[in-house]
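The structure's right below; bear with me while I get my questions together.
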Amino acid sequence: MTVTIKTSIEIEKMRTAGRLAAEVLDMIAPSVQAGISTGELDRICHDYIVNKQQAVPAPLNYHGFPKSICTSINHVICHGIPSDDKILKNGDIINVDITVIKDGYHGDTSMMFCIEETQKFAQRLCRVSRECMYLGINQVRPGARLGDIGEVIARHAHKHNYSVVEEYCGHGIGKEFHEEPQVLHYGKAGTGMELREGMTFTIEPMINAGKKFTKLNKNDSWTVTTKDKRPSAQWEHTILVTSDGFEILTLREGETPPSIA
Ligand code: MF3
Ligand code: CO
Ligand code: CO
């Protein structure tokens, strides 16, 4: 399949799906506390998406994924599976990744939470990875190239002595959860596909405190961790290319971009 350019009707549906995904994060945020299990977070989100939003949690049964959200703690990079025996504790960092389908279209967004007294170095990893995402977002406009996004993200990560995960990336999104193009979080400015008005894709850099290397859990075949067990952080938004720049379809109420970006 090639890259799809969304019509104005599709864009309206993407706006709705994006807003719903953002609202799930707003809804779950107060519950992301020490003592709660990720299984419980999954149940709360599932019920909210299905009953309140009358939408579909896209991860559930997606290529066999067993739960409705992804929860990735500390050295888990992405695709962590919620479980009743994973209980959040003081000092953890966790990514909660929400994807909903509404009226046939997907909205995909994730954010980090710091649990109580998180160490300074982990807080900094969370802050810088969010800056990386926003620096990438700010590159988006018709005529820009995918490599422009990747280069600024990697440059900012490396400036802080972090590494960028290469095996997983952002993606086109729409009727399908994962469409073309692949949005790499590293690259060379001026290279790669040219962006066009009406494209929708995610930017979701995974930034590691240590080395870039990843390991896939053999038992569940989903959980991706850092090889060196050092922590990783990720933020994700779904973006629309507009005539003069971008629109963040998954912006949360009151969310303001960091001052660096
Ligand atoms: N939400 C993830 C992404 O940002 C994908 C999760 S796939 C799943 O692309 F199957 F693990 F849910
Ligand atoms: Co995504
Ligand atoms: Co996601």
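FYI, it's all coordinate maths here, none of it is from the lab. From a predicted model like this one, the values you see are computed outputs, not experimental measurements. Cβ coordinates were reconstructed from backbone atoms using ideal geometry, including for glycine residues, and neighbour counts include every protein chain displayed.
Cα-based Rg (one decimal) and Dmax (whole number) for the range 24-71, in Å?
10.7, 31
For a quick size check, give me the Cα extents of the range 1-134 along its three principal axes, largest first, whole Å.
Per principal axis, max minus min of the Cα coordinates gives 46, 31, 26 Å.
Return the calculated 222 nm mean residue ellipticity for the chain, to the nearest 500 deg cm²/dmol, obtained by summing -39500 (n - 2.57) across DSSP H runs with n ≥ 4 and dividing by the residue count.
-8000 deg cm²/dmol
For the range 24-162, give the magnitude of the charge dipole about the Cα centre (Cβ charges: +1 Lys/Arg, -1 Asp/Glu; no others), in debye to the nearest 20.
That gives the range 24-162 a dipole magnitude of about 480 debye.
Could you check how many percent of all C-alpha pairs in the chain are farther apart than 21 Å?
Everything past 21 Å amounts to 55 percent.
Size of the dipole of the chain about the Cα centre, Lys and Arg at +1 and Asp and Glu at -1 on the beta carbon, nothing else charged, in debye to 20?
Charge dipole of the chain: 760 debye, to the nearest 20.
Also, quick follow-up: Given all pairs of different Cα atoms, what value in angstroms does the Kirkwood hydrodynamic radius of the range 135-238 take?
Radius from the Kirkwood sum: 14.2 Å.
Here's a follow-up. Please report, ordered by residue number, every helix of the chain (full DSSP H runs) that is 15 Å or longer along its axis going by C-alpha atoms and whose mean Kyte-Doolittle hydropathy reaches 0.0.
For the chain, where a helix must reach 15 Å along its axis and average at least 0.0, the hits are 8-28, 120-137.
Rounded to the nearest 0.05, what FRET efficiency do residue 47 and residue 189 give with R0 = 35 Å and r taken as the Cβ-Cβ distance? Could you check?
About 0.20, to the nearest 0.05.
Compute the Rg/Rh shape ratio of the range 189-261: radius of gyration over Kirkwood radius, all on alpha-carbon atoms.
On the Cα set of the range 189-261, Rg over Rh gives 1.07.
What do you get for trypsin sites (Lys or Arg not before Pro) in the range 12-92 restricted to DSSP loop and a cutoff of at most 10 other Cβ within 10 Å of the site's Cβ?
Filter output for the range 12-92: empty list.
Then there is this: Using the structure shown, list the pairs from 52/120; 188/215; 13/89; 159/229 with a Cα-Cα distance above 32 Å, or answer none.
Beyond 32 Å between Cα atoms: 52/120; 13/89.
Per residue and in cubic angstrom, what volume does the convex hull of the Cα atoms of the range 87-139 have?
Convex hull of Cα atoms, per residue: 79 Å³.
Semi-axes of the equivalent ellipsoid for the range 72-221, please: Cα gyration tensor eigenvalues, times 5, square-rooted, ordered largest first, whole Å.
One finds semi-axes of 26, 20, 14 Å for the range 72-221.
Okay, next question. Among the chymotrypsin sites (Phe, Trp or Tyr not before Pro) within the range 198-261, which fall in a DSSP loop and have no more than 14 other Cβ atoms within 10 Å of their own Cβ?
213
Would you mind giving the three semi-axes, in whole Å and largest first, of the ellipsoid equivalent to the range 133-181 according to its Cα gyration tensor?
21, 15, 8
Same structure again: How high is the relative contact order of the chain? Use alpha-carbon pairs under 8 Å, at least six apart in sequence, and give a whole percent.
Relative contact order comes out at 23 percent.
Sticking with this structure for a sec: Which lysines have a Cα less than 23 Å from the Cα of residue 6, not counting those fewer than 8 places away in the same chain?
By straight Cα distance, residue 6 reaches 102, 175.
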